[in-house]
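Reviewing the structure listed below.
The values are calculated or read from the model by the stated rules, or taken from the named source; none is laboratory data. Remember, it's a predicted structure, so these values are computed and weren't measured experimentally. Neighbour counts run over all protein chains shown; Cβ positions are idealised from the backbone, glycine included. Keep in mind that these areas ignore ligands, DNA and RNA; they rest on the heavy atoms of the full protein, side chains included. Shrake-Rupley method; radii C 1.70, N 1.55, O 1.52, S 1.80 Å.
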Amino acid sequence: MAAYSIVRIKKLKSWGAVAGSVSHNARRRETLNADPKAPCRFLIGSPDDDPVAVCKDRLGNQKIRKNAVYGVDGFLGASPEYFRPDAPDQYGAADQIRLDAWVDASMNWLRERYGDRIINAVLHLDEATPHIQFLLLPLDENNKLNCRALFGGKKYVLSNLQSDYAQAVSHLGLTRGREGSKATHMEVAEYYAATQKVERTTLPKLPGPEDIQPPEPPGVTARMRTDNLISYGKEAGAQAVAEQMEKISPILMTLSNQNDILITENARLIQEREQLKDANAQLSREKSNFKAVAKEMRDLDLDKVLIQMYGATEAPSSTRKYKNRIFILPDGASVEYTGNQWRAQSGLKGKGAVNLVMHLSGYGQDHYKQAVRELAEVFGDQDIAGSLAVHLAETAPREALKIVHQPFEMPKPCERTWPGVFGHLIYKMKLPQAFIEELHAKSMIFSDPRGNCVFARDKSSGVFKIGTGDKPFNQSLGKDGEPFVMPGTDNKVYVTDSLLEALSLKLLRPDSTVLATGGYMKVDKLKPYLEQREIFLAQSQDKIGQQMGRYLSEFYPTAKRIKPGQSQSWNEYRLLQLREAKEKEITQTQEPEKAHLEALTVTATVSRSNGLSR
């Protein structure tokens, strides 16, 4: 079953609405259907932030219209079939590798599209399906509150938003719903309720007569009076009804909840059915359009090509009346064709004038442009348009696959932005200047036009990008690329996920090899660097780093897990070691001077004593 990308937005038209959205996203209030023990991870911002205050501070004293949109509540998600393809109905489950890949792609899209307009973004893992909810401050290019500038007021703007997000996650196998669908757009809250399905609760046992405790009956004498018996009957009946209602109420509540679930599930199925209808209609339209285009874009007649370009003559056994015609070339070789399908004497088959020229002129499949130029010289530019269209229609899928499967092309360093990146590494990260200059000279570290620090993956198989601005940015390019590698001379290898931490590790262990994976990386990619080596796992202390450490430990149980002492990072640990070494050096320098001064003091004292004694 197809897995779909999902993006929804809701406009918040008061500060109260913004505060409510923040409370929900940060789980500051009770959330129905959410598991309080499951994690929620802040991807932008932190739980201690006050996003409303941040928004107001960003707006400053600018005048706000009465009907202004103060914020936008956004939802990014994917259908359960993506996160758990083997068990889409399993509540709350998600394949970790798929989840991490989706989070990376979604956050890259969010940052590139909206930049610092995103006030906070939270990954929710406490409900049926993982999703990201974010708060956006709708500022235009002049930093004015202007939601229309970002999202407009028309449906096609939202449609473009969905298409753009779908494109950003398409490499994960996610697609968008059918464009132009008649299915109703759902607001964030509606979609949220429809997708976060609750586990169905087992119904309690229905109470039977044996479960009802009757009241104490009247005495034997009192039973002889009719009014006493009637009164007792009424009391017993009322007590039985009360006890029944008390025991049935949870069942009724459960049935009501399950009915709500069925209603939302039915709405989802109706929406999917509408999408399928639209998809079928779209396919029918595309098929009709293709037929119409095919009729208009007619190929050149192959008999004209054979005669005018190659001096061929029609074989005696062939005639214009026949669908299958045969032509003889001056060298005696023959070509037969039906419509625009041709077959050479060698047995080679093809379609269209361009392919025929490529074959007869001995051109390779990658040199069709030369064949087009030769056709144009004989028949003119206009007449070959149809032939070129036919050729491209035939070869486009193959050409697209060639482009997709081409080796990764390394980006070119941007020297214009390098001073800023260099300064970031030297002054902010406090890395040695000579060390960074050496890596830069080897093209292992450089900058891109956006001022990101670029780390070249081994064998030019891709790059890792790290932002140097105030907002965090990480990007990995080069599918199935190698890690970032700083080779050493001994048999030890240190593995970390962080690129910047790898630099500090290399300074701490200059003789050892240091690898950086930039996050999750399959063990097959690391094996060539780890086999027959003494392995040290130095992953960062965050969730992804710890998961990567456990993952590698399964394959290399003898690998040693190491931490940067009491420090939060290897860079902090390195700086602490430098400070301690400098303090020790100062102490060692001062001790001889102190001893010398003490010796002079003793000498002076002795001299004064001798003088007094004389």
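For every residue, the table says whether it meets (1) hydrophobic (A, V, I, L, M, F, W, C); (2) within 25 Å of the chain's Cα centre (by Cα).
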position: ILE44; (1), (2): yes, yes
position: PRO51; (1), (2): no, yes
position: ASP57; (1), (2): no, no
position: GLY60; (1), (2): no, no
position: ASN67; (1), (2): no, no
position: VAL72; (1), (2): yes, yes
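Condition test on ARG550, is it at pLDDT 90 or above and surrounded by 10 or more Cβ atoms within 10 Å (Cβ to Cβ)?
Considered against the rule, which asks whether it is at pLDDT 90 or above and surrounded by 10 or more Cβ atoms within 10 Å (Cβ to Cβ), ARG550 comes out as no.
Which fully enclosed strands (runs of 3 or more DSSP E) of region 1-104 have 1 or more residues being of a type in the set (Gly, Ala, Ser), closer than 30 Å to ALA279 by Cα and open to solvent by less than 20 Å² (accessible area, probe 1.4 Å)?
Strands (runs of 3 or more DSSP E) meeting the threshold: 5-12, 71-78.
Could we say that PRO88 is out of contact with any Gly (no Cβ under 9 Å at 6 or more places or on another chain) and within 28 Å of ALA128 (Cα to Cα) here?
yes
Yes or no: ILE64 under 27 Å from LEU172 (Cβ atoms) and at pLDDT 85 or above?
Criteria not met by ILE64.
Please specify each residue of region 330-351 satisfying the condition of being outside any strand (DSSP E or B) and either in contact (Cβ under 8 Å) with a residue 24 or more places away in the chain or open to solvent by 40 Å² or more (accessible area, probe 1.4 Å) (or both).
PRO330, ASP331, GLY332, GLY339, ASN340, GLN345, SER346, LEU348
Would you check which residues across region 502-546 are polar (S, T, N, Q) and within 13 Å of GLY481 (Cα to Cα) and list them?
Hit for region 502-546 is THR517, nothing else.
For region 463-494, how many residues are under 21 Å from LEU425 (Cα atoms) and not aromatic (Phe, Trp, Tyr)?
Going through region 463-494 one residue at a time, the tally reaches 16.
Sort out which residues of region 438-495 are on the phi > 0 side of the Ramachandran plot and open to solvent by less than 60 Å² (accessible area, probe 1.4 Å), and write them in order of number.
GLY451, GLY462, GLY478
Just to check your reading of the model, which residue among LEU375, LEU392, LEU388, LEU401 is of a type outside the set (Val, Ile, Thr), exposed (fewer than 11 other Cβ atoms within 10 Å of the Cβ), modelled with pLDDT under 85 and assigned to a helix (DSSP H, G or I)?
That would be LEU401, the only listed residue that is of a type outside the set (Val, Ile, Thr), exposed (fewer than 11 other Cβ atoms within 10 Å of the Cβ), modelled with pLDDT under 85 and assigned to a helix (DSSP H, G or I).
Return the pairs, sorted by first residue and then second, in which the second residue is open to solvent by less than 10 Å² (accessible area, probe 1.4 Å) and assigned to a helix (DSSP H, G or I), the first residue lies in region 105-117 and is over 16 Å from LEU145 (Cβ atoms) and small (Gly, Ala, Ser), the beta carbons are less than 8 Å apart, and the residues are 6+ apart or on different chains.
Filtered contacts from region 105-117: SER106/TYR165.
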